[in-house]
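S.K.: A single structure is presented below for examination.
The values are calculated or read from the model by the stated rules, or taken from the named source; none is laboratory data. This one's a predicted model, so the numbers in the text were calculated from it and none came from an experiment. Cβ: placed from backbone, ideal geometry, glycine included. Neighbour counts: every protein chain shown.
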Amino acid sequence: MRYLVSVAVTLLTLPLFAAEPPKGFAPLFNGKNLDGWHGWAIHAKGGTPNDVAKLAPEERAKKAEEWTADAKKHWSVENGELVNDGKGAYLATDKEYGDIELLIEYKTVAGADSGIYLRNNPQVQIWDWNQKFDPKNPTRKPHLGSGGLFNNDPKSPGRDPLVLADKPFGEWNTFRIVQVGERTTVYLNDKLVVDHARMENYWGKQAKENPVTPLPKTGKILLQTHGGEIRWRNVFVREIPPTEANAILRKHDAKGFESAFNGKDFTGWDGALDNYEVVDGSIVCKPKKGGNVFTKAEHADHTVRLEYRLPPGGNNGLAIRHPGGAKHVATEAMCELQILDDTDPKYAKLDPRQYNGSAYGMVAAHRGYLRPVGEWNFIEVTAKGSTLVAELNGTRILDCDLAKVTEFKDKTPHPGKDRTSGHFGFAGHNDPVAFRAIEIRKIGEKKDK
């Protein structure tokens, strides 16, 4: 609630021409020149993020120099406003950003088409909303208004705005965009138009076993130019700290979750409890101890959400549909979802199916989404039928069907992968990994994603 009040005060106090950024925000545009920005012809041949990532640093710098020279032909500053004539390279921030809150105002003209890229990815859409629906282009819906995630799949949440919130031409529009992981929330002129929707990775490539294409953890903010003049002003950004990001993720879609741990003792838990302890509201595996601890209750289709903190090189696992007792979690449960500081050099040569977030020994998760060692990560795992989905810090890193897995690490059988019910818990491996705020929701007929 305090966060929402703070945001409301920020929006109410934002001046028409802000000489100073709102409290907690930093300016992205200084009102005078293009300092802090460079050109990026992101849709030109060789200009995609995947192409640029393959370049040597000196080649990358040369490309940016060429694109910036082109951008300066079409971008200018007038009366503290950033102006584009509808042509040329896009503008990209020099700095990369992860979880952010972005405030930005724009004004455009009839027939224009623009947008805001987040983490190098298209885009929060800006339309001429006066255009009529064209049945020849049924996925193009400018009449619904701006703010939607236009490059998402046409049937996905957030692709089209929830309401029409655009102002008439000649008036300034204000965006407030909150990006946590790949979850995007957009307010246009104080109206909610996208509600915590997943921004799909336009540049991603799918894998066979885990066909998700998450956004990169960080990336640049880009201002698109396309077909008509657009003006920008009052461009401010605030980097969201991990504690706040976790709170945002936990608040969304919270209905139906019940606490599975009281933060005080092991009431409702079973297993090797002597090898664990409760410290500051968290379940912590004792150093040089291990074994399984798990809820006394069993769970069929369910979603579990919790926070975990890793020490350097820390190793543990989430027991999903575990049969109980000392049974081997990785093979006898539906799966062990790996919890691992896979940034530690000692894990450099593991099987990909052993890294953090993976269905251990079966399906590899996407890497690179852990917070730094010592910070709390937020993870949400859904087991429905034979499928398993894991979202780490707001980014979906695993989406698989274990019934289709036929190849296993070291060719070790996993007889438990077809279990339809079991206990939830932790599989300790001698490291003081901490878990807190553990909540579980049963998946019913009326409540599921």
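S.K.: Please go through segment 377-399 and pick out each residue that is over 14 Å from GLY181 (Cβ atoms) and touching a Pro at 6+ places or on another chain (Cβ under 9 Å). Steps first, answer last, please.
M.R.: From segment 377-399, those over 14 Å from GLY181 (Cβ atoms) are 381-388, 399; that's our starting set.
Passing the criteria: only ASP399.
S.K.: Could you tell me whether segment 243-257 includes any residue that is on the phi < 0 side of the Ramachandran plot, surrounded by fewer than 21 Cβ atoms within 10 Å (Cβ to Cβ) and free of Cβ contacts under 8 Å to residues at least 40 places away in the same chain?
M.R.: yes
S.K.: Another one. Are any residues in segment 152-184 over 17 Å from GLY228 (Cβ atoms), surrounded by fewer than 18 Cβ atoms within 10 Å (Cβ to Cβ) and not hydroxyl-bearing (Ser, Thr, Tyr), and if so, which ones?
M.R.: ASP153, PRO154, LYS155, PRO157, VAL163, LEU164
S.K.: Could you pull out the residue among VAL373, VAL381 that is among the hydrophobic types (A, V, I, L, M, F, W, C) and in a strand (DSSP E or B)?
M.R.: Working: VAL373 fails: in a strand (DSSP E or B).
That would be VAL381, the only listed residue that is among the hydrophobic types (A, V, I, L, M, F, W, C) and in a strand (DSSP E or B).
S.K.: Can we say LEU102 is under 24 Å from VAL237 (Cβ atoms), surrounded by fewer than 22 Cβ atoms within 10 Å (Cβ to Cβ) and of a type in the set (A, V, I, L, M, F, W, C)?
M.R.: Working: under 24 Å from VAL237 (Cβ atoms): yes; surrounded by fewer than 22 Cβ atoms within 10 Å (Cβ to Cβ): yes; of a type in the set (A, V, I, L, M, F, W, C): yes.
Judged against the criteria, LEU102 is a match.
S.K.: Could you tell me whether any residue of segment 333-348 is hydroxyl-bearing (Ser, Thr, Tyr), touching a Pro at 6+ places or on another chain (Cβ under 7 Å) and farther than 23 Å from ASP265 by Cα? Reasoning before the result, please.
M.R.: So in segment 333-348, the residues hydroxyl-bearing (Ser, Thr, Tyr) come out as 343, 347.
From what is left, the residues that are touching a Pro at 6+ places or on another chain (Cβ under 7 Å) are none.
No - not one qualifying residue is present in segment 333-348.
S.K.: Quick check on segment 180-189. Is at least one of its residues more than 16 Å from ILE240 (Cβ to Cβ), in the same structural domain as GLN123 (by TED's automatic domain parsing) and not acidic (Asp, Glu)?
M.R.: Yes; the residues of segment 180-189 include at least one that is more than 16 Å from ILE240 (Cβ to Cβ), in the same structural domain as GLN123 (by TED's automatic domain parsing) and not acidic (Asp, Glu).
S.K.: Go through the residues of segment 59-72 one by one and say whether even a single one is in a loop (DSSP other than H, G, I, E, B) and more than 26 Å from GLY181 (Cα to Cα). Quick ask: steps written out before the conclusion?
M.R.: In the first step, residues of segment 59-72 are kept if they are in a loop (DSSP other than H, G, I, E, B); the result is 72.
So of that shortlist, the ones also more than 26 Å from GLY181 (Cα to Cα) come out as 72.
Yes, there is a match, as at least one residue in segment 59-72 is in a loop (DSSP other than H, G, I, E, B) and more than 26 Å from GLY181 (Cα to Cα).
S.K.: Does segment 396-419 contain at least one residue that is in the same structural domain as ARG309 (by TED's automatic domain parsing), in a loop (DSSP other than H, G, I, E, B) and within 23 Å of the chain's Cα centre (by Cα)? Break it down stepwise before answering.
M.R.: Filtering segment 396-419 for residues in the same structural domain as ARG309 (by TED's automatic domain parsing) gives 396-419.
Filter once more, so that each one left must be in a loop (DSSP other than H, G, I, E, B): 405-408, 412-414, 419.
Next, only the ones that are within 23 Å of the chain's Cα centre (by Cα) stay: none.
No, segment 396-419 has no match at all.
S.K.: For the subset of segment 132-149 comprising residues that are touching a strand residue (DSSP E or B) at 6+ places or on another chain (Cβ under 9 Å) and assigned to a loop (DSSP other than H, G, I, E, B), which member is nearest to ARG198 (Cα to Cα)?
M.R.: So the first thing to find is which residues in segment 132-149 are touching a strand residue (DSSP E or B) at 6+ places or on another chain (Cβ under 9 Å), and the list is 142, 145-149.
Checking which are assigned to a loop (DSSP other than H, G, I, E, B) leaves us with 145-148.
Numbers: GLY145: 19, SER146: 17, GLY147: 14, GLY148: 11 Å.
Once the filter is applied, the top-ranked residue is GLY148.
S.K.: Considering only residues of segment 420-449 that are basic (Lys, Arg) and not in a loop (DSSP other than H, G, I, E, B), which is surrounded by the most Cβ atoms within 10 Å (Cβ to Cβ)? Talk me through it step by step, then tell me what you get.
M.R.: Kept after step one, since they are basic (Lys, Arg), are these residues of segment 420-449: 436, 441-442, 446-447, 449.
Those still in the list that are not in a loop (DSSP other than H, G, I, E, B) too: 436, 441-442.
Values: ARG436: 18, ARG441: 21, LYS442: 14.
In this case the residue turns out to be ARG441.
S.K.: When you go through (1) assigned to a loop (DSSP other than H, G, I, E, B); (2) among the hydrophobic types (A, V, I, L, M, F, W, C); (3) under 26 Å from ASP94 (Cα atoms); (4) touching a Gly at 6+ places or on another chain (Cβ under 9 Å) one by one for TRP203, which number turns out not to apply?
M.R.: Of the numbered conditions (1) assigned to a loop (DSSP other than H, G, I, E, B); (2) among the hydrophobic types (A, V, I, L, M, F, W, C); (3) under 26 Å from ASP94 (Cα atoms); (4) touching a Gly at 6+ places or on another chain (Cβ under 9 Å), the odd one out for TRP203 is (4).
S.K.: Go through segment 100-129 and report how many residues are over 19 Å from LEU188 (Cα atoms), within 14 Å of the chain's Cα centre (by Cα) and not basic (Lys, Arg). Give the derivation first.
M.R.: Our first condition is that a residue be over 19 Å from LEU188 (Cα atoms); within segment 100-129, this holds for 111, 119-121.
When the remaining residues are screened for being within 14 Å of the chain's Cα centre (by Cα), the result is 119-121.
Right, trim to not basic (Lys, Arg) and you get 120-121.
Matching residues across segment 100-129 total 2.
S.K.: LEU82: at pLDDT 95 or above, assigned to a loop (DSSP other than H, G, I, E, B) and farther than 28 Å from ASN393 by Cβ, yes or no?
M.R.: Values: at pLDDT 95 or above: yes; assigned to a loop (DSSP other than H, G, I, E, B): no; farther than 28 Å from ASN393 by Cβ: yes.
So LEU82 does not fit the description; no.
S.K.: Here's a follow-up. Give me the strands (runs of 3 or more DSSP E) completely within segment 262-316, filtered to those with at least 3 residues that are surrounded by 17 or more Cβ atoms within 10 Å (Cβ to Cβ) and either touching a helix residue (DSSP H, G or I) at 6+ places or on another chain (Cβ under 8 Å) or in contact (Cβ under 8 Å) with a residue 40 or more places away in the chain (or both), ordered by residue number.
M.R.: The strands (runs of 3 or more DSSP E) meeting that bar are 282-285, 290-299, 302-309.
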